[in-house]
Amino acid sequence: GPATAARMEALGIRTGRDLREWSLAFLQEHFGKAGAHFHTISRGEDHRPVVPNRPRKSSGS
């Protein structure tokens, strides 16, 4: 949200690459539980299931 974005901006975190440069401990110190989520997501780790949220428009054969 806006508050987290402002905190990241203040730390110089503007892109995923910027976020990836910080350690897990640093992110947890500044963002609490969300720090672990930011750490894994910035490294391409996401174990959440994919849930499509719109009907298929076409099908290739």
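Evaluated against (1) acidic (Asp, Glu); (2) open to solvent by less than 90 Å² (accessible area, probe 1.4 Å); (3) at pLDDT 95 or above, GLU29 falls short on exactly one condition, (2). In region 1-27, the residues that are closer than 13 Å to PHE38 by Cα form Cβ pairs under 7 Å with partners that are open to solvent by 80 Å² or more (accessible area, probe 1.4 Å), at six or more places apart or across chains, as follows: ARG20/ARG43. The set of residues from region 37-61 being open to solvent by 100 Å² or more (accessible area, probe 1.4 Å), more than 30 Å from ASP18 (Cβ to Cβ) and not polar (S, T, N, Q) comprises PRO52, ARG54, PRO55, ARG56, LYS57. The residues on offer are ARG7, ARG17, and the sole one that is out of contact with any strand residue (DSSP E or B) (no Cβ under 7 Å at 6 or more places or on another chain) and exposed (fewer than 10 other Cβ atoms within 10 Å of the Cβ) is ARG17.
The values are calculated or read from the model by the stated rules, or taken from the named source; none is laboratory data. Just so you know, these numbers come straight off a predicted model, no measurement behind them. Cβ coordinates were reconstructed from backbone atoms using ideal geometry, including for glycine residues, and neighbour counts include every protein chain displayed. Calculation scope for accessible area: heavy atoms of the full protein, side chains included, ligands and nucleic acids excluded. Shrake-Rupley method; radii C 1.70, N 1.55, O 1.52, S 1.80 Å.
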